[in-house]
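What follows draws every value from the coordinates through simple rules; no lab data is involved. Given the structure is predicted, the values throughout are model-derived calculations rather than measurements. Every residue, glycine as well, gets a Cβ built from its backbone with ideal geometry; the counts of neighbours run over all protein chains shown.
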Amino acid sequence: MKKICSLLILLYALPSFACDICGAGSGGSYLGIMPSFRKKFIGVRYQYNSLRHHLGPGGSINYLTTTEAYNTVEVWGAVNLGSKFRVTAFVPYNFIKRTNQQENIKDQGIGDITVIGYYQLLNRTNDADVLRHSLWIGAGAKLPSGKYDPEDKNIQQASQNTFQLGTGSVDLSVHAMYDLSYRQTGLNLNIGYKMNTSNKYEYRYGNKFTSNALFYHRLNIAGKVSVAPNAGVMFESAGKDHKTRDIQSWETGGFALLGTAGLETSIGRINVGANFQTPLSQELGEGKLKGRDRVMMHVGLAF
């Protein structure tokens, strides 16, 4: 199966946290270059991202400024059903930490599980077998398996409801993934849109749009090792959260543009990779939030 790229999500980009660019509901938001496999794939990946909120004018730091860090260890896998269908699943375990001048709080637990199904709409290769392209479309659901604390948004005394292990809601998503390669060089394009519902406390995180483009070049070493450096850009935007059906949370939503660079290595059935993402431009939470650098590492087995 050709290598393809997918984005959840932001991925998560920043995994889908509270403003749905940064905070709760981690899992399935960013894949990088998908590993090649025949029938099944299972792996473990680690993601780190952080943000600062309670920022002053121009993003300045003051005594209220708070740093939140999110570490996620995630089991994920995929299985092909025939030649046209693929199902992927992500089970995250989150470690979250909030630090400011008054407090140092930690929490941990399972996050929101995500399941996505894909259908291969296009898969073509020219006669010379050097130009290939494929298109997958899909839809998924995020389940409310992670803990959601309704008191946290009151404790923070701010609009950002970010310090959560899960969103407490069932959220739906649609995806499209396109891969174009010439010989060993390729381009991955991804778009995704996540539609969030209200949880039982009437809080609804803003819907999120994500897209990315990754260029890669695959190097084969001794016919046994494949190394694929890659680089590109990622864009994500989110609407405003709603505290209730009719009341918006003002200091939420926004956009972020990130530069990405990574390396994927395959040795037989084993796939190892890492990815670094850094904000190039952002406007989050009406300027009261600032996303920081992110890191993802993974190892997997194809069979």
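Some observations on this one:
- The 3J(HN,Hα) values that the Karplus relation (6.51, -1.76, 1.60; θ = phi - 60°) gives for the range 95-108 are, in residue order, 10, 10, 8, 10, 9, 8, 5, 9, 8, 9, 10, 10, 8, 7 Hz. Gly and Pro appear as x.
- For the range 220-279, the set of trypsin sites (Lys or Arg not before Pro) satisfying both a DSSP loop assignment and a count of at most 11 other C-beta atoms within 10 Å is given as LYS224, ARG245.
- Averaging the Cα positions of each part gives two centres, and for the range 171-230 and the range 76-93 these lie 14 Å apart.
- Note on the range 5-302: with charges restricted to the Cβ of Lys and Arg (+1) and Asp and Glu (-1), its dipole about the Cα centre is near 820 debye.
- Positive dipole terminus of the range 5-302, leading residue within ASN71, MET296, VAL44 (C-beta point charges): VAL44
- The trypsin sites (Lys or Arg not before Pro) found in the range 69-147 that occupy coil by DSSP, while having at most 14 further C-beta atoms within 10 Å, are LYS84.
- Computed over the Cα atoms of the range 5-302, pair by distinct pair, the Kirkwood hydrodynamic radius stands at 19.3 angstrom.
- Taking other C-beta atoms within 10 Å as the exposure proxy, PHE303, PHE41, PHE85, PHE90 rank PHE303, PHE85, PHE41, PHE90 from fewest upward.
- Sorted fewest first by neighbouring Cβ atoms within 10 angstrom, MET297, MET234 come out as MET297, MET234.
- The Cα atoms of the range 110-206 give a gyration tensor whose axes a ≥ b ≥ c have a/c of 1.5 or more with a/b greater than b/c, which makes the shape prolate.
- Here LYS97 is the anchor, and the lysines within straight C-alpha reach of less than 22 Å, apart from those fewer than 8 places off in the same chain, are LYS106, LYS147, LYS153, LYS288, LYS290.
- The stretch between VAL272 and SER83 holds 65.6 nm of extra length on full extension. This uses 0.36 nm per residue minus the Cα-Cα distance.
- Amide H within-cut-off set for LEU131, under 5 Å, with H built and near neighbours excluded: ASN126, ARG183
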